[in-house]
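The values are calculated or read from the model by the stated rules, or taken from the named source; none is laboratory data. Remember, predicted model here, so these are calculated numbers, not experimental data. Virtual Cβ from ideal backbone geometry, glycine too; neighbours counted across all protein chains shown. The area values use the complete protein model at the heavy-atom level, side chains included, leaving out ligands, DNA and RNA. Shrake-Rupley method; radii C 1.70, N 1.55, O 1.52, S 1.80 Å.
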Amino acid sequence: MNQPFLDDIALSLEEAWRLLIDGSQNRKSPLHTPAVATVREDGQPSQRIMVLREAVREDRMLRFNTDHRASKVADIGNKGMVSILGYHPEAKVQLRLSGRGHIEQDSPACESAWNDATLYGKRCYLADPAPGSAVNLPTSGLDPDIEGRKPEGFEVAPARENFAILLVEIDRIEWLYLAHTGHRRAMFDWDPENNSWNGQWLVP
């Protein structure tokens with residue numbers, strides 16, 4: 001069945017944000033775990049899969065949780081560029097997004113994200129040494145006493161000092177719809193002067 005957004009660029013943007021919002025709320029969505037890329041301090045690209053925790057269209061914002069000690073925090077620094085890639089096979093849509101990243105550790109938004117995290121999720125931030133540290137033997141970084149079981153609230157409380165959120169303010173969205181009848185591709189750039197998206201069809 002022909003989708004209305006195939007030939008309507010405004011509806012293509014609507015579909016992109018619909019999929020992102022669903023991806024942030026639906027663990028079964030392929031867009032729940034997109035690839036997030038940054039550029040390291042040495043100029044090398046770095047990618048990782050992250051869980052999309054929140055998508056707010058009005059703010060053009062995507063939120064991810066992270067360990068404040070992780071290398072991506074240094075990569076982003078003060079509003080460093082972030083690229084995000086996701087593909088939804090059922091919807092036949094690939095999304096490439098880019099924008100400025102921002103790390104928060106002590107903000108109300110970060111505190112709210114921490115409170116919303118599960119005990120298992122909070123346990124991840126107890127890793128010692130920090131994520132990415134070189135070790136002699138394979139390890140989760142967790143104390144053996146807490147590994148493999150659901151922790152108590154008081155046990156994960158110390159992890160709060162390592163917890164942070166990554167907020168990405170999206171200023172470009174590239175939308176690609178794959179279909180045997182003919183692909184569709186569009187680019188959307190944020191226009192801050194007019195407070196709106198500028199859309200342009202592209203050849204797939």
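Estimated at 0.36 nm per residue, the fully extended path between ASN194 and LEU142 surpasses their Cα-Cα distance by 13.8 nm.
Tell me the per residue accessible area of the stretch 52-189 using a 1.4 Å probe; a whole number in Å² is fine.
The answer is 54 Å² per residue.
Within the assembled protein chains, the solvent-accessible surface assigned to ARG53 is about 110 Å², based on a 1.4 Å probe.
Helical runs (DSSP H, four residues minimum) scored at -39500 (n - 2.57) apiece and divided by the length of the chain put the mean residue ellipticity at 222 nm at -5500 deg cm²/dmol.
To the nearest ten degrees, helix 9-25 and the longest principal axis of the Cα atoms of the chain are 20 degrees apart. Of the residues PHE5, PHE154, the one with the largest accessible area comes first in the ranking PHE154, PHE5, computed with a 1.4 Å probe on protein heavy atoms.
I want the local charge near PRO4. Using Cβ-Cβ distances under 12 Å, sum +1 for each Lys or Arg and -1 for each Asp or Glu among the other residues. My count for the surroundings of PRO4 gives -3.
With all protein chains in place and ligands, DNA and RNA left out, the 1.4 Å accessible area ranks ASP189, ASP128 as ASP128, ASP189, largest first.
As a fraction of the 1.4 Å probe accessible area of the chain, surface on carbon and sulfur atoms comes out at 49 percent. Of the residues HIS68, HIS183, HIS102, the one that moves most in a GNM of the chain with alpha-carbon contacts below 10 Å is HIS183.
Would you work out if the stretch 28-118 is rounded, prolate or oblate? Take a ≥ b ≥ c from the square roots of the eigenvalues of the alpha-carbon gyration tensor; rounded if a/c is under 1.5, else prolate when a/b is larger than b/c, oblate otherwise. Note, shape of the stretch 28-118 comes out oblate. Evaluating 6.51 cos²θ - 1.76 cosθ + 1.60 at θ = phi - 60° for every residue in the stretch 101-115, the Karplus couplings come out as x, 8, 9, 10, 10, 10, 7, x, 5, 5, 4, 5, 5, 4, 5 Hz, glycine and proline recorded as x.
Label reach from ASP116 (point 7 Å along Cα→C-beta): in the stretch 59-83, amide nitrogens under 12 Å belong to 62-65. The residues THR181, THR118, THR139, THR38, sorted by heavy-atom accessible surface at 1.4 Å with ligands and nucleic acids left out, run THR181, THR139, THR118, THR38 from largest to smallest. The lysines within cross-link reach of LYS28, meaning a Cα-to-Cα straight distance under 27 Å and a gap of 8 or more places when in the same chain, are LYS72, LYS92, LYS122, LYS150.
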